[in-house]
Protein chains: 2
Amino acid sequence: MIQAIDRAAGVLHALQGARHLGITELASELGLAPSTVHGIVKSLQAHGLVVKEPGSQRYMLGPTLLKLSNVYLDTHEVRARAMQWTRELARRTGCSIRLGVQLFDEVLVIHHNRRPDGSQQMYETGLSLPSHASALGKVLLAYDLDFADKVLEGALRPLTGDTVTEPTALRKELEGVVSASIATERDEAVLGESAVAAPICDRSGAVVAAVEIVMPTTEYPPSDEVLNDLRQTARTISREVGGSDWPPRPMRID
Amino acid sequence: MIQAIDRAAGVLHALQGARHLGITELASELGLAPSTVHGIVKSLQAHGLVVKEPGSQRYMLGPTLLKLSNVYLDTHEVRARAMQWTRELARRTGCSIRLGVQLFDEVLVIHHNRRPDGSQQMYETGLSLPSHASALGKVLLAYDLDFADKVLEGALRPLTGDTVTEPTALRKELEGVVSASIATERDEAVLGESAVAAPICDRSGAVVAAVEIVMPTTEYPPSDEVLNDLRQTARTISREVGGSDWPPRPMRID
DNA sequence: GAATACTATTCGATATTGTCGAATGGCGTT
DNA sequence: AACGCCATTCGACAATATCGAATAGTATTC
């Protein structure tokens, strides 16, 4: 591990959280000397990874990140293969669809199809959610035993009054996910919003992503027909990326 | 400048270009020892900035970039303020709209409104274009004299047979941009696609972004009415971010 | 405008870290 | 199994990153 790179990543992470920070604030947050942080920030700035806020002394994340993330999305094979299927799923169900992957202890939305009704909807690609409070995340937890262990040993933060924060209750729920090949979430992340999700596995059998149907809670639970459509979509996408055995089995990756 | 951070950014840049690279390839590309590159890559990997390609020894860009870029987009004040206006512009003109900023010698699309006709369209946020071959980029060049000098001292790469690659011709065109407060592009970036763009300036008078209407070349040139709508939109957005004098003046930033 | 307080930036000595060559391990092909 | 190529580990030490002190810049108050 190269310390200077770790520290640079720490600056990016701090700016991800607080959005705008001055050098002294960053130094305090990272426990480093201001002149050290200044060197790090200037190096990141030279590459467009951070920029100085117009008209102030504070720094924020920079445009190079957007360009790089565009390449990340282009390069992501599961996403590329899933897109046509998620679009069709959105059309057939009339719901918005999310494709998510694990990022540390969270789930990151890497593709989003809006609900086809033409309503104004937030763009969600790049959004991260706590894994325990989203159907996407519960799928990833259910099939990656190390990930589940790690998340369940920390505190499960309540996002709403309905979020499951009791570890034994969540473990039991994850067992049910594997039985049904479907994870559910009702009002746990955002009040009024519920979802169901299914796993996407690759050639090695590992669950590498999940696909989720999001709906207003007034339309929850979805019919068996919708659930089966979701399973079929997940299976189809899995097959496209070499995952021939669906549903997958929970495993330890390393 | 911290060398290790520069080198890490070099790795990200190499992966942005070639998408998938092994350690030896990266080492060759960067002119460093394989063991040095290995250390850099492992440090980036620990933060999710790069990942190992499933089932191979090659590396590619990682999910953290997407999360960070989402924060970048959220933090970008011009973009936040522009969004409602570009949406209205798309609705009124029936065309797709791009909002762009300078990233080194290119223009980076930071917001995109699809054409309202419901047709299938590529998601363009995060896309970068050569500045000389796009209306967005020409606006940025016209108002930032240092940027123009820098781009015009390098070779202007032809993207199509219509791309203006003669420096004196482009300089003359940039003068016309300032006169009209509108830049144009016909088939210069992509055959069959043309565009007009206008500048967005901030409180200091600097042009910090441009807004562009994109249309099929069969619909080019747009009417005066559309051009005035574009100017008005650029002016409105400028005013929202403190740019009270529109149209702006060309300037040197430093 | 001057004084003050706070933050950013520069500078240079030096402790620490990153680098790279050599060795070892891993993987794919024949 | 042998071979070739690439990835990874290891350790010596040169180079670099770090941090404290000094300086410069900025905003606020009187």
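The values are calculated or read from the model by the stated rules, or taken from the named source; none is laboratory data. All values reported here derive from a predicted model rather than from experimental measurement. Glycine gets a Cβ as well: all are built from the backbone with ideal geometry, and neighbour counts include every protein chain shown. Each accessible area value is taken on the protein alone, full model and side chains, heavy atoms only, with ligands, DNA and RNA left out. Shrake-Rupley method; radii C 1.70, N 1.55, O 1.52, S 1.80 Å.
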Within the stretch B:194-219, which residues are of a type in the set (Gly, Ala, Ser) and in contact (Cβ under 8 Å) with a residue 60 or more places away in the chain?
-> B:Ala195, B:Ala197, B:Ala206, B:Ala209, B:Ala210
Selected residue (criterion: nearest to B:Val51 (Cα to Cα)) from residues of the stretch A:96-124 that are surrounded by 16 or more Cβ atoms within 10 Å (Cβ to Cβ) and of a type in the set (Asp, Glu) = A:Glu106
Looking only at the stretch B:47-74, which residues are within 7 Å of chain A (Cβ to nearest Cβ) and basic (Lys, Arg)?
-> B:Lys67
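Among A:Ser238, A:Ser223, A:Ser194, which is the only one that is open to solvent by 50 Å² or more (accessible area, probe 1.4 Å) and of a type in the set (Gly, Ala, Ser)?
The match here is A:Ser223.
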Considering only the stretch B:71-95, state which residues are free of Cβ contacts under 8 Å to residues at least 12 places away in the same chain and open to solvent by less than 30 Å² (accessible area, probe 1.4 Å).
-> B:Val71, B:Tyr72, B:Thr75
Of all residues in the stretch B:46-64 being within 13 Å of DNA strand C (Cβ to nearest atom) and open to solvent by less than 60 Å² (accessible area, probe 1.4 Å), which is modelled with the highest pLDDT?
-> B:Ala46
Does B:Leu136 satisfy the condition of being open to solvent by less than 20 Å² (accessible area, probe 1.4 Å) and assigned by TED's automatic domain parsing to the domain that holds B:Val208?
-> yes
Taking the stretch A:1-39 and keeping residues more than 11 Å from DNA strand C (Cβ to nearest atom) and assigned to a helix (DSSP H, G or I) leaves A:Ala9, A:Gly10, A:Val11, A:Leu12, A:His13, A:Ala14, A:Leu15, A:Gln16, A:Gly17, A:Ala18, A:Glu29, A:Leu30
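Against the definition (touching a Phe, Trp or Tyr at 6+ places or on another chain (Cβ under 9 Å), outside the structural domain of B:Pro199 (by TED's automatic domain parsing) and assigned to a helix (DSSP H, G or I)), how does B:Ser69 come out, yes or no?
Working: touching a Phe, Trp or Tyr at 6+ places or on another chain (Cβ under 9 Å): yes; outside the structural domain of B:Pro199 (by TED's automatic domain parsing): yes; assigned to a helix (DSSP H, G or I): yes.
Considered against the rule, which asks whether it is touching a Phe, Trp or Tyr at 6+ places or on another chain (Cβ under 9 Å), outside the structural domain of B:Pro199 (by TED's automatic domain parsing) and assigned to a helix (DSSP H, G or I), B:Ser69 comes out as yes.
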If only one of A:Pro250, A:Pro199, A:Pro158 is assigned by TED's automatic domain parsing to the domain that holds A:Arg81 and surrounded by fewer than 18 Cβ atoms within 10 Å (Cβ to Cβ), which one is it?
-> A:Pro158
Hey, A:Val214 in the same structural domain as A:Thr93 (by TED's automatic domain parsing), in a helix (DSSP H, G or I), touching a strand residue (DSSP E or B) at 6+ places or on another chain (Cβ under 9 Å) and of a type in the set (Val, Ile, Thr) or not = no
Provide a single number: the residues in the stretch B:183-205 that are under 16 Å from B:Ser131 (Cβ atoms) and touching a strand residue (DSSP E or B) at 6+ places or on another chain (Cβ under 7 Å).
-> 10
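Residue-by-condition table, conditions (1) in the same structural domain as B:His112 (by TED's automatic domain parsing); (2) over 21 Å from A:His111 (Cα atoms):
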| position | (1), (2) |
| --- | --- |
| B:Ala18 | no, yes |
| B:Glu25 | no, yes |
| B:Gln45 | no, yes |
| B:Val50 | no, no |
| B:Ala82 | yes, yes |
| B:Thr86 | yes, yes |
Does A:Ser43 qualify as being part of a helix (DSSP H, G or I), open to solvent by less than 20 Å² (accessible area, probe 1.4 Å), touching a Lys or Arg at 6+ places or on another chain (Cβ under 9 Å) and among the polar types (S, T, N, Q)?
-> no
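Anything in the stretch A:1-35 that is within 9 Å of chain B (Cβ to nearest Cβ), within 11 Å of DNA strand D (Cβ to nearest atom) and buried (at least 17 other Cβ atoms within 10 Å of the Cβ)? List them, or say none. Walk me through how you get there before you give the answer.
Keep residues of the stretch A:1-35 that are within 9 Å of chain B (Cβ to nearest Cβ), which gives A:1-10, A:12-13, A:15-17, A:19-20.
If we keep only those that are within 11 Å of DNA strand D (Cβ to nearest atom) as well, we get A:1-8, A:10.
Listed by number, the residues that qualify are A:Ile2, A:Ala4, A:Ile5, A:Arg7, A:Ala8, A:Gly10.
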